[in-house]
1. With 17 Å as the cut-off, how large is the P(r) tail for segment 154-284, expressed as percent of Cα-Cα pairs?
2. Relative contact order of the chain: what whole-number percent is it, with Cα pairs under 8 angstrom and at least 6 residues apart?
3. Using the crude model of +1 on Lys and Arg Cβ and -1 on Asp and Glu Cβ, and no other charge, please compute the dipole size for the chain relative to its Cα centre, in debye to 20.
4. Could you check the spin-label model distance between Arg270 and Arg70? Points 7 Å from the Cα along Cα→Cβ, value in nm.
5. Using a 1.4 Å probe and ignoring any ligands, DNA or RNA, find the accessible area of Trp163 and quote it in Å² to the nearest 10.
6. With N denoting the number of residues in segment 138-179, provide Rg(C-alpha) divided by 2.2 N^0.38 Å, to two decimal places.
7. Relative contact order of segment 259-308, please, whole-number percent, based on alpha carbon pairs below 8 angstrom and at least 6 residues apart.
8. List the relative contact order of segment 47-112 as a percent without decimals, with contacts defined as Cα pairs under 8 Å and 6+ residues apart.
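The values are calculated or read from the model by the stated rules, or taken from the named source; none is laboratory data. Just so it is clear, the structure is predicted and the values come from calculations on it, not from any experiment. Note that each Cβ is placed from the backbone with ideal geometry, even for glycine, and that neighbours are counted across all protein chains shown. Surface accessibility is based on the protein's heavy atoms, side chains included, excluding ligands, DNA and RNA. Shrake-Rupley method; radii C 1.70, N 1.55, O 1.52, S 1.80 Å.
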Amino acid sequence: AEEPSNGVIQSVQFHRNAQILLSAGFDKRIRLFQIDGKRNPKIQSIFLDNFPIQKASFVPDGSKVIASGRRKFYFMYDMNGGAIEKMEPLFGREEKSLESFEVSSDSKTIAFLGNDGYILLASLKSKQLIGTMKMNGSVRAISFTQGGKELLSLGGDGEVYQWDIGTRKCLYKGRDDGCIKGTTLASSSDSNLFATGSNSGVVNLYDHGKFVNGDIKPIKTFMNLVTTIDTLKFNPDAQILAMTSKMKQGALKLVHLPSYTVFSNWPTMRTPLHFVHSLDFSPGGGYLAAGNAAGKVLLFRLQHYERA
């Protein structure tokens, strides 16, 4: 409400201190808000000229924000110094777009989705390309696990790869059950669970340890959404999995993971979600933020978690 966007909200994310929320999107602005649950005042707005933002993310240590778009370069914003740095194209690569990326939880590596199944690894310290890993099909989604030492990747062909970041070798490859076209992937913060989403709206939940040891049957399959799954997100204690599709109004479901059941009492028909494009849980689990196509970020309080 402090400063609505006039474009789609592509990213929302809480800072590690839970007091700051980032939002960014197609209006080329990164906005930072102080979250108090009442007024949530705006702290800052950073404008990136001619750069509709596809994704923006805090580096896990909280020191920087990385913003990407459909460009060969990306931006890094220093939270302490306030300086914006333009990162040049990764040397030796021809990607026209670095729009999709993930940052490792140890804040050392940034992984970009490249062309032709390539995953590009860059050092956050040197900003240089430090290696590549290649899937057989196209790469659709990635997620760091094991504290940044490993990476899971999902191909458009439904294959899930487990990678060792140190050696950049594939440790295991298995098929996402029943998946024809994979679209997204997420891991829980303890690396015990991961979930995959597909273009048919199906979400599979896996035991990470069992999957990479050859037991590739999902713990549970959820078919509550019927359009392409765009976002999957585990809450901090891995008790809730959120899943969304931006193709249908109000297409957001929360799964209670200990019982593998979808919450039926929320969201309701009256919840003003619009078309959800992004979401995040706060570090304490008490807030859920959802960014939508109308340029709004909706903030919800999960009363079960005392710490907002």
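1. So the pairs more than 17 Å apart make up 58 percent of the total in segment 154-284.
2. Here the relative contact order equals 13 percent.
3. Computed charge dipole of the chain: roughly 400 debye.
4. 4.0
5. Its accessible surface works out to 10 Å², give or take rounding.
6. 1.11
7. Averaging sequence separation for qualifying contacts and normalising by length gives 29 percent for segment 259-308.
8. Once normalised by length, the contact order is 28 percent.
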